[in-house]
1. Restrict the check to region 132-139 and report whether at least one residue is over 15 Å from the mean Cα position of the chain (by Cα), assigned to a strand (DSSP E or B) and surrounded by fewer than 17 Cβ atoms within 10 Å (Cβ to Cβ).
2. Would region 36-46 turn up any residue that is in the same structural domain as Leu132 (by TED's automatic domain parsing), under 21 Å from Gly136 (Cα atoms), surrounded by 10 or more Cβ atoms within 10 Å (Cβ to Cβ) and without any contact (Cβ under 8 Å) to a residue 12 or more places away in the chain?
3. Could you figure out which of (1) in contact with a helix residue (DSSP H, G or I) (Cβ under 8 Å, 6 or more places away or on another chain); (2) surrounded by 18 or more Cβ atoms within 10 Å (Cβ to Cβ); (3) in contact (Cβ under 8 Å) with a residue 40 or more places away in the chain isn't true of Ala76?
4. Would you pick out the residues in region 129-152 that are of a type outside the set (Ser, Thr, Tyr) and touching a helix residue (DSSP H, G or I) at 6+ places or on another chain (Cβ under 9 Å)?
5. Residues of region 84-102 being touching a helix residue (DSSP H, G or I) at 6+ places or on another chain (Cβ under 6 Å) and modelled with pLDDT under 90, which ones?
6. Based on this model, can you work out whether Thr71 counts as closer than 17 Å to Ala44 by Cα and not acidic (Asp, Glu)?
Amino acid sequence: MIRSLAIAALAAASVVAGEIAARQALVYSQSRPTAAAVQHMTEARKTHEINVPRIKDGAVKGYAVMLLSYTIDLGALKKAEMAPDSILVDEAFRYVYTDDTIDFDHLDRFDLAKMSKALIHSVNERVKGDVLVDVGVEEFTYATANETRPRP
């Protein structure tokens, strides 16, 4: 009789210990980040208004006005040689200023996706890292010189 009770107690203890071990193994496997579960910490930012003059025949004909939003990878930013903020503004200015194919009378035909990809590539190349993740265009308009007020 005592032997039966001891075997029953041992069986119950082994069942409880097995359930506790299985629960701990499940918690451990869920808390460990896998390679697929690791996410990059990103931050969304905006540029200030960028005004790009359109010069034709030696005179300013108008201004392209851009407002960009962009996403940066914070992990890559720590390793980068410099911050991408001012470089993005510079590269966007250069892109619009040097692109002679832009028809400012029909900006709806302008390939914004191509510009975004080019900006991401050129900024990441200059900061020597994959810091810039995405570039979005919040505003892209054109104002003729007649529509702008003259500076004092």
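1. Initial filter on region 132-139 (over 15 Å from the mean Cα position of the chain (by Cα)): 139.
Next, only the ones that are assigned to a strand (DSSP E or B) stay: 139.
Restricting the remaining residues to those that are surrounded by fewer than 17 Cβ atoms within 10 Å (Cβ to Cβ) gives 139.
Checking region 132-139: at least one residue is over 15 Å from the mean Cα position of the chain (by Cα), assigned to a strand (DSSP E or B) and surrounded by fewer than 17 Cβ atoms within 10 Å (Cβ to Cβ).
2. no
3. So Ala76 meets the others, but not (1).
4. First, pick out the residues of region 129-152 that are of a type outside the set (Ser, Thr, Tyr): 129-140, 143, 145-147, 149-152.
Matches in region 129-152: Gly129, Asp130, Val131, Leu132, Val133, Asp134, Val135, Gly136, Val137, Phe140.
5. Scanning region 84-102 gives a single hit, Pro84.
6. Values: closer than 17 Å to Ala44 by Cα: yes; not acidic (Asp, Glu): yes.
Criteria met by Thr71.
The values are calculated or read from the model by the stated rules, or taken from the named source; none is laboratory data. All values reported here derive from a predicted model rather than from experimental measurement. For neighbour counting, all protein chains shown are included, and Cβ atoms are generated from backbone atoms with ideal geometry for every residue, glycine included.
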